[in-house]
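Here the structure is laid out as structure tokens; the discussion comes afterwards.
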Amino acid sequence: MPFDQPVIFEPPPKFQNKLWKHILLFVLTLGSTTLVGWVNYAGFAFTKGLNPASISWVTGFWFSIPLMTIISAHEFGHYWYCRRYNIDASLPYFLPFPFSLAGTFGAVIRIREPFPSKKALFDVAVAGPIAGFIALVPFLAWGMTQSTAVFIPPTASVDYFGEPLLLKGVAWLWFGSLPPHWDEVLHPTAFAAWFGLLVTALNLLPFGQLDGGHISYAAVGRHARIVSAATLAGTFLLTIWSLSFIATAVIMLAMAYFLGLRHPQIPDEDVPLDSRRRLIAILAVVIFVISFTPLPIELASTGR
């Protein structure tokens with residue numbers, strides 16, 4: 001047996017996926033979000049004087065299709081740039097959860113190898129929130145035209161959802177200035193866009209391994225750990241204002257404990273971003289500001 005032949009090692013192929021898993025999770029998540037959307041539409045129909053019992057489950061698609069489109073745009077924004085930079089990554093794993101407000105925990109992709117450069121890290125990180133934001137804007141605009149405004153007695157026990165600046169602006173363009181004790185009741189499509197704004201804002205928090213953490217690291221390098229620490233502290237302070245942030249704060253604390261506050265180092269850590277990417281980073285900050293609300297959900301039991 002000859003021993004002088006060169007041994008050639010071929011790297012395993014990238015972007016390999018078990019499609020059936022991704023398709024199954026997508027279908028299950030579409031089902032769970034449609035179920036939640038059906039319930040949501042029945043409540044919306046009640047405010048318009050319709051009998052909720054007469055509402056077909058098909059109306060759940062008014063919520064689930066916009067929401068799945070927004071989530072898909074976000075994740076495929078990440079995935080497309082992974083393909084562009086030849087960074088091995090999985091297709092999105094959708095996470096069904098019918099017992100939640102939206103019927104899903106969103107979706108994730110698995111990135112299987114380190115980022116080769118700061119440019120690649122930044123582009124992959126920022127592509128998701130921007131793509132998801134672009135996808136939600138038309139749903140928000142159209143959904144607001146289908147929404148309604150109702151009088152809410154001061155003694156009424158209702159749940160309130162915080163209004164990000166973008167939603168406030170679109171609502172004002174459609175409804176104008178509402179009188180005291182009047183409020184918008186969002187059509188399920190607009191509510192899907194509201195959830196998309198919430199997810200966008202949370203992902204853009206400049207912390208750790210979140211999209212915003214990657215963007216922060218690409219912008220300020222090793223100083224990003226200080227930004228992460230400040231963001232973690234700020235999120236815990238927000239729990240005093242709104243209990244809605246408790247889950248986010250606990251998840252971030254767990255990430256800090258297991259992964260640390262220091263971002264995994266990129267080979268060109270000290271190379272500054274070019275001017276175009278700095279402008280895109282500013283755009284990401286603007287998107288965060290108009291998508292964020294310090295009081296996402298206020299249940300009737302907590303008062304207002």
| query | Based on what the data block shows, is Leu273 modelled with pLDDT under 90, of a type in the set (A, V, I, L, M, F, W, C) and closer than 22 Å to Ile226 by Cα? | reply | no
| message | Is it the case, given these coordinates, that Trp62 is at pLDDT 90 or above, within 25 Å of the chain's Cα centre (by Cα) and not β-branched (Val, Ile, Thr)? | response | yes
| request: Tell me, please, whether a residue that is under 15 Å from Ile297 (Cα atoms), acidic (Asp, Glu) and touching a helix residue (DSSP H, G or I) at 6+ places or on another chain (Cβ under 9 Å) can be found in region 205-214. | output: no
| Extreme residue, farthest from Met68 (Cα to Cα), among residues of region 149-164 that are exposed (fewer than 13 other Cβ atoms within 10 Å of the Cβ) and touching a helix residue (DSSP H, G or I) at 6+ places or on another chain (Cβ under 6 Å) | Ser157
| remark: The lone condition Gly208 fails out of (1) of a type outside the set (D, E, K, R); (2) surrounded by fewer than 23 Cβ atoms within 10 Å (Cβ to Cβ); (3) touching a residue at least 24 places away in the same chain (Cβ under 8 Å) is (2)
| query | Which of (1) among the small types (Gly, Ala, Ser); (2) without any contact (Cβ under 8 Å) to a residue 60 or more places away in the chain; (3) more than 30 Å from Tyr160 (Cα to Cα) is the odd one out, the single condition Ala89 does not satisfy? | reply | (2)
| request: Taking Phe122 as meeting all but one of (1) part of a loop (DSSP other than H, G, I, E, B); (2) farther than 25 Å from Trp241 by Cβ; (3) touching a Leu at 6+ places or on another chain (Cβ under 9 Å), write down the number of the exception. | output: (1)
| said: If I filter region 77-91 down to residues being part of a helix (DSSP H, G or I) and in contact with a strand residue (DSSP E or B) (Cβ under 7 Å, 6 or more places away or on another chain), which single residue comes out as nearest to Leu121 (Cα to Cα)? | reply: Cys82
| task | State whether the residues of region 47-55 include one that is hydroxyl-bearing (Ser, Thr, Tyr), modelled with pLDDT of 95 or more and not in a strand (DSSP E or B). | result | no
| query | Counting only residues that are more than 17 Å from Trp194 (Cα to Cα), surrounded by fewer than 24 Cβ atoms within 10 Å (Cβ to Cβ) and among the β-branched types (Val, Ile, Thr), which one in region 102-140 is farthest from the chain's Cα centre (by Cα)? | reply | Ile111
| remark: Per the filter on region 164-196, residues farther than 25 Å from Val286 by Cα and part of a strand (DSSP E or B) are Trp182, Asp183, Val185
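The values are calculated or read from the model by the stated rules, or taken from the named source; none is laboratory data. Keep in mind that this is a model prediction, so the values were computed, not measured. Counting neighbours? That spans all protein chains shown, and the Cβs are built from the backbone with ideal geometry, glycine included.
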